[in-house]
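Written below as structure tokens is the structure these notes are about.
The values are calculated or read from the model by the stated rules, or taken from the named source; none is laboratory data. The structure displayed is predicted, hence computed values, not measured ones. We place every Cβ from the backbone using ideal geometry, glycine too, and count neighbours over all the protein chains shown.
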Amino acid sequence: MRRLAIAVTIVCAAASAAQAASNWEIDPAHTSAHFAVKHLMVSTVRGTMGAITGTAVLDAADITKSSVQATIDVAGIDTREPKRDAHLKGPDFFDVAKFPTITFKSKTVKPVAADKFTITGDLTIRGVTKEVTLDVDGTPTPLNDPFGKVRIGGSARTRINRQDFGVNFSKTMDNGGLVVGNDVDVTIDIELVKTGQ
């Protein structure tokens, strides 16, 4: 009888864990990546990347066991200036012919405050992988949309040095200032749809 009770306890614990962890897909139609970088050290150029796809596992019982991985289409980069976009897609910057995507794969998720988290993971640009940390604001609870799907979302921010990823374009002005700044502020607005409903 004792063995049966232990077995039932284990099964219930496993079922509870299975219910706590849920699978999600990034909704590309409602997800976007934005970047901002200094131009001539006097103004800020802003743009968006292409479509974002990926998956996440969310563990409601223990958020630290959650994970996310995403892929960004670099060929879709848009700064509202075709010549600049073509330059950014070329060898001086992202070299999309050789490296068409940017990827992120989380390693740790840590709660910071109510609905605030940090996600640390590997970011790969131009074949170079570096660890970065995202500051994330998330929606508190999943929401049911009018079409029977469950959604959750948030916003993630980080700052990277483009030179760390081999984006080495370094033309300077007469005063020594950079034509394009090294620090790039990145914001990702993300919406996830629950799968396996």
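If you check 120, 124 for being in a strand (DSSP E or B), in contact with a Leu (Cβ under 8 Å, 6 or more places away or on another chain) and on the phi < 0 side of the Ramachandran plot, only one passes: 120.
Among the residues making up the stretch 39-73, those that are assigned to a strand (DSSP E or B), touching a Phe, Trp or Tyr at 6+ places or on another chain (Cβ under 9 Å) and more than 18 Å from residue 196 (Cβ to Cβ) are 45, 46, 47, 48, 70, 71, 72. Consider the stretch 88-117 and keep the residues that are part of a loop (DSSP other than H, G, I, E, B) and touching a Ser or Thr at 6+ places or on another chain (Cβ under 9 Å). The one that is modelled with the lowest pLDDT is 115. The residues of the stretch 113-164 that are surrounded by fewer than 12 Cβ atoms within 10 Å (Cβ to Cβ), within 30 Å of residue 96 (Cα to Cα) and of a type in the set (Asp, Glu) amount to a single one, 131.
The residues of the stretch 22-38 that are closer than 10 Å to residue 192 by Cα and of a type in the set (S, T, N, Q), listed by number, are 23, 31. In the set (1) of a type outside the set (Asp, Glu); (2) under 30 Å from residue 43 (Cβ atoms); (3) within 16 Å of the chain's Cα centre (by Cα), residue 108 fails one condition alone, (2). Restricting the first member to the stretch 24-50 and to residues that are at pLDDT 95 or above, and the second to residues that are among the basic types (Lys, Arg), the beta-carbon pairs closer than 6 Å and six or more apart or on different chains are 24/194; 36/46.
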